[in-house]
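The values are calculated or read from the model by the stated rules, or taken from the named source; none is laboratory data. Note that the structure is a prediction, hence the values are computed from the model and not measured. Positions of Cβ are backbone-derived with ideal geometry, glycine not excepted, and every protein chain shown enters the neighbour counts. The protein model used for the area step is the full one, side chains on, heavy atoms only, and it has no ligands, DNA or RNA in it. Shrake-Rupley method; radii C 1.70, N 1.55, O 1.52, S 1.80 Å.
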Amino acid sequence: MAVVEEKGFASGREDYTQDGTVDLKGYEMIERMAYYAIASNLVQYLTKKLHEGTVKSSNNVTNWSGTVWIMPAAGAYIADAYLGRYWTFVIASAIYLLGMCLLTLAVSLPALRPPPCAPGIADKDCQRASSFQVGIFFFALYIIAAGTGGTKPNISTMGADQFDEFEPKERSQKLSFYNWWVFNILIGTITAQTLLVYIQDKVGFGLGYGIPTIGLAVSVLVFLLGTPLYRHRLPSGSPLTRMVQVLVAAMRKWKVHVPHDLNELHELSMEEFYAGKGRSRICHSSSLSFLDKAAVKTGQTSPWMLCTVTQVEETKQMMKMIPILITTCIPSTIIAQTTTLFIRQGTTLDRNMGPHFEIPPACLIAFVNIFMLTSVVIYDRLFVPAIRRYTKNSRGISLLQRLGIGLVLHVIIMLTACFVERKRLSVAREKHLLGAQDTIPLTIFILLPQFALTGIADTFVDVAKLEFFYDQAPEAMKSLGTSYFTTTISIGNFLNSFLLSTVSDLTLRHGHKGWILDNLNVSHLDYYYAFLAVLSSTNLLCFVVVAKLYVYNDDVTQTKMELGMNHASSKGNTGISLSSPQPDDKS
């Protein structure tokens with residue numbers, strides 16, 4: 001495979017890298033702290049500082065979030081095809097850091113932000129930001145989005161790459177890797193959603209963004225210092241090109257019959273595979289059999305007419321995950337409410353905790369991650385060992401079963417949010433508190449159940465989604481597989497913008513007051529939440545059907561181990577490099 005080195009070179013120790021994910025987890029924790037320092041309170045900055053309305057501010061948040069999460073698809077492509085995961089990550093980190101610096105300046109320098117609104121003046125009557133100020137702010141945000149494109153799909157994949165599947169101990173550790181990867185993410189996220197959000201609300205956004213900017217710079221430096229310890233995988237060519245070649249070849253040979261003897265299909269020898277760049281040979285499977293036509297020999301050797309069985313199987317593995325990708329987008333639409341409408345609800349409620357402390361509305365998002373943090377530990381340490389005795393599954397339950405449980409919880413979340421909002425609106429009507437600035441005499445913690453349930457649901461959905469798309473992607477397309485996870489989040493956020501705008505426009509027609517207004521005390525968010533509950537229920541049914549039809553990939557670890565041993569005995573070495581990657585190696 002020529003992709004990693006298993007032994008060290010400095011001290012002669014075996015298993016030199018051991019669990020090389022420690023430094024990578026540290027970076028991810030700080031990076032998530034930086035991201036959520038922005039995302040958690042962005043709707044508040046847009047409404048209170050840039051004076052945008054409910055729908056516009058919410059859509060700007062989800063459009064930016066959607067861009068943040070779609071860019072990893074491009075980053076994964078660049079990593080797999082050209083630069084490799086390491087160099088793609090390093091370059092993208094520099095872009096990310098540049099965006100954070102510019103954003104900190106945009107909210108700190110008086111020339112780059114509008115003047116504060118005078119006390120007692122409604123947001124709609126405040127001085128608007130100039131086009132230049134708005135442009136600089138969003139330019140910085142989208143530079144950060146570009147940076148995440150190269151960091152997000154590659155850092156988690158590099159972390160998983162540090163485990164050697166040929167070593168039983170490391171292979172066992174890898175089964176819980178993503179649980180603890182998410183655990184470290186949650187530490188950074190909770191810090192952002194409590195301490196940094198409070199600083200932004202009470203001190204200023206300049207300091208609230210400046211702290212994570214400094215932390216990000218330090219974490220990138222620490223990552224670079226650990227370079228000699230990492231296992232580096234070489235890029236293996238454009239995965240998208242290989243997939244398109246299979247599709248084109250299969251369509252051009254649609255009249256050709258696949259031979260009964262599968263050995264007649266085109267495949268490279270083991271030696272030819274080892275001469276390639278980091279790819280493993282994959283045995284034929286019966287799924288998506290139409291694509292097998294791409295490997296039928298017809299006398300033409302063009303890569304657009306003849307593909308190897310392995311290339312066909314790689315394409316099959318990526319394509320058969322697409323229905324799962326589609327049915328896991330709606331959960332991201334539900335989660336988008338926690339950084340938009342749920343926070344806007346919080347601004348209308350009593351936020352006092354004692355006579356001298358007022359909780360920032362965005363701090364409630366921390367409860368999502370606090371409950372997720374707790375749930376991840378309980379799931380990994382208690383639930384999995386207990387259920388494993390009955391299922392004999394090393395993960396306790398399958399990844400798709402875990403996803404299904406999370407989707408059920410998402411329906412419950414929106415029903416809960418609907419009932420809570422109905423209670424808030426009923427109190428507003430009873431007390432005649434229908435003004436945009438009126439505070440409803442209900443504690444902000446009435447919103448706690450919907451935030452807490454979201455955290456528990458994320459334990460099942462987000463962790464399983466990330467692990468599923470990495471685990472089921474072929475060896476040479478792991479970064480692209482991980483980008484499937486981020487793509488679901490992106491589509492979910494863009495879908496939220498579309499639904500919010502569409503529902504807002506449709507419900508304002510024919511003289512109706514509308515469901516989603518700038519004044520939430522006369523809006524009907526309860527109707528909108530009920531609509532999302534119905535949408536989630538429909539999606540759940542579609543997921544059940546798709547999951548029933550999905551066939552997991554065969555475990556090829558033993559095959560790879562045998563091939564590796566045979567190759568090692570014939571060649572004397574693996575041609576693997578642990579040392580710092582060089583630019584000409586594209587790793």
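The table that follows gives values for the structure above.
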read-out: Matching option when the condition is over 30 Å from Asn521 (Cα atoms), open to solvent by 10 Å² or more (accessible area, probe 1.4 Å) and polar (S, T, N, Q), among Thr339, Thr374; value: Thr374
read-out: The one condition in (1) open to solvent by 10 Å² or more (accessible area, probe 1.4 Å); (2) under 30 Å from the mean Cα position of the chain (by Cα) that Cys126 fails to fulfil; value: (2)
read-out: Hey, Thr482 of a type outside the set (D, E, K, R) and farther than 28 Å from Gln311 by Cα or not; value: no
read-out: Failed condition for Ala73, given (1) open to solvent by 30 Å² or more (accessible area, probe 1.4 Å); (2) under 20 Å from Gln133 (Cβ atoms); (3) not hydroxyl-bearing (Ser, Thr, Tyr); value: (2)
read-out: Count - residues of segment 520-542 that are modelled with pLDDT under 95 and surrounded by fewer than 16 Cβ atoms within 10 Å (Cβ to Cβ); value: 1
read-out: Qualifying residues in segment 221-265 (those that are of a type in the set (Val, Ile, Thr) and at pLDDT 90 or above) - the one least open to solvent (accessible area, probe 1.4 Å); value: Val246
read-out: Pick from segment 378-418, criterion of a type in the set (Phe, Trp, Tyr) and free of Cβ contacts under 8 Å to residues at least 24 places away in the same chain, ranking: nearest to Ala533 (Cα to Cα); value: Phe383
read-out: Segment 287-296, subset hydrophobic (A, V, I, L, M, F, W, C) and not in a helix (DSSP H, G or I), residue least open to solvent (accessible area, probe 1.4 Å); value: Val296
read-out: Failed item in (1) open to solvent by less than 10 Å² (accessible area, probe 1.4 Å); (2) more than 27 Å from Tyr86 (Cβ to Cβ); (3) of a type in the set (A, V, I, L, M, F, W, C); (4) at pLDDT below 90, with Leu24 passing the rest; value: (2)
read-out: Members of segment 420-435 that are out of contact with any helix residue (DSSP H, G or I) (no Cβ under 6 Å at 6 or more places or on another chain) and surrounded by fewer than 15 Cβ atoms within 10 Å (Cβ to Cβ); value: Lys423, Ser426, Arg429, Glu430, Lys431, His432, Gly435
read-out: Of all residues making up segment 342-358, the number that are aliphatic (A, V, I, L, M) and open to solvent by 10 Å² or more (accessible area, probe 1.4 Å); value: 1
read-out: Test for Gly299: is it surrounded by fewer than 21 Cβ atoms within 10 Å (Cβ to Cβ), out of contact with any helix residue (DSSP H, G or I) (no Cβ under 9 Å at 6 or more places or on another chain) and under 30 Å from Met243 (Cα atoms); value: yes
read-out: Every residue from segment 375-403 that is of a type in the set (S, T, N, Q) and assigned to a helix (DSSP H, G or I); value: Ser375, Thr391, Gln401
read-out: Search result, residues across segment 302-330 that are surrounded by fewer than 24 Cβ atoms within 10 Å (Cβ to Cβ), part of a loop (DSSP other than H, G, I, E, B) and touching a Phe, Trp or Tyr at 6+ places or on another chain (Cβ under 8 Å); value: Lys320, Met321
read-out: Tabulated pairs, segment 206-226, first free of Cβ contacts under 8 Å to residues at least 40 places away in the same chain, second crowded, with 19+ Cβ neighbours inside 10 Å, C-beta under 6 angstrom, 6+ apart or interchain; value: Leu207/Ile199
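Listed here are the residues, each with its yes/no results for (1) within 18 Å of the chain's Cα centre (by Cα); (2) within 30 Å of Val222 (Cα to Cα); (3) in contact (Cβ under 8 Å) with a residue 40 or more places away in the chain.
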site: Asn41; (1), (2), (3): no, yes, yes
site: Lys48; (1), (2), (3): no, no, yes
site: Lys56; (1), (2), (3): no, no, no
site: Tyr77; (1), (2), (3): yes, yes, yes
